[in-house]
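Remarks on the structure that follows.
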Amino acid sequence: MRKPLRRNDHCFFAYRNKNLVFFPTLSYSLCKILQKGNGMETREVRKSAEKRGFIHFPFHLYRNDPLWVAPLLGETRKILWGKESLLFQSGPHTFYLVYQGKEVLGRVAVGIDENFLRARGKKEGYLTLFECVSQREAAQALFAAAEEWLRKRGMESVIGPVSPTNGDDF
């Protein structure tokens, strides 16, 4: 029997040592079943069109928010798929999008900071760039996919959100 990540079935997030820790309430396989019932699908970002969707999703999500300041697209591309992000250079990572039909409902990046693992000895992954429409099932699907990805790589807990540049810009 596989060892589950530490979880709390009553909430999504909790604070531990001043870090936000993620505790999903549904397993990845259960989320897959629920997604099929409501037409949702979580996909790992691989194709260039999916990469564009990942970058452009916040523009769609916050288009009516007068206080939102859009990031520079070129800089965002460099951080996500270039050599600009120290966090993404520090270990394996991936990106997920959740769809309903052809519409993107949310995004998340998940990874493992191998420098952190060596320094602290914790089997802990991270979440970053989480953004989602106000729909619980979509958020749960993203978190469950991220949890499953980390579990397959031997992680026991998750922290986040963290900035991909280790700054205040995301």
Can you tell me which of 91, 160, 121 is within 10 Å of the chain's Cα centre (by Cα) and either under 16 Å from residue 51 (Cα atoms) or not hydroxyl-bearing (Ser, Thr, Tyr) (or both)?
160
From the list 83, 51, 78, pick out the single residue that is surrounded by fewer than 19 Cβ atoms within 10 Å (Cβ to Cβ) and in a loop (DSSP other than H, G, I, E, B).
83
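Report yes if some residue within the range 114-126 is over 23 Å from residue 68 (Cα atoms) and of a type in the set (Phe, Trp, Tyr); otherwise report no.
yes
Name the single residue that is nearest to residue 49 (Cα to Cα) among those in the range 124-142 being of a type in the set (S, T, N, Q) and not in a loop (DSSP other than H, G, I, E, B).
128
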Exactly one condition in (1) touching a strand residue (DSSP E or B) at 6+ places or on another chain (Cβ under 8 Å); (2) crowded, with 19+ Cβ neighbours inside 10 Å; (3) more than 28 Å from residue 38 (Cα to Cα) is false for residue 142; which is it?
(3)
Residue 134: of a type outside the set (A, V, I, L, M), closer than 25 Å to residue 40 by Cβ and over 14 Å from the mean Cα position of the chain (by Cα), yes or no?
yes
Leading residue by the ranking (nearest to the chain's Cα centre (by Cα)) among those in the range 94-116 that are among the small types (Gly, Ala, Ser) and open to solvent by less than 10 Å² (accessible area, probe 1.4 Å)
109
Condition first: surrounded by 13 or more Cβ atoms within 10 Å (Cβ to Cβ) and either touching a Leu at 6+ places or on another chain (Cβ under 7 Å) or farther than 14 Å from residue 97 by Cβ (or both). Now tell me which residues in the range 54-72 satisfy that.
54, 55, 62, 71
Taking only the range 35-48 into account, find how many residues are open to solvent by less than 70 Å² (accessible area, probe 1.4 Å) and outside any helix (DSSP H, G or I).
5
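The values are calculated or read from the model by the stated rules, or taken from the named source; none is laboratory data. Given the structure is predicted, the values throughout are model-derived calculations rather than measurements. Note: ideal-geometry Cβ built from the backbone for every residue, glycine included; neighbour counts use all protein chains shown. Quick note on the areas: whole protein, heavy atoms, side chains included, nothing else; ligands and nucleic acids left out. Shrake-Rupley method; radii C 1.70, N 1.55, O 1.52, S 1.80 Å.
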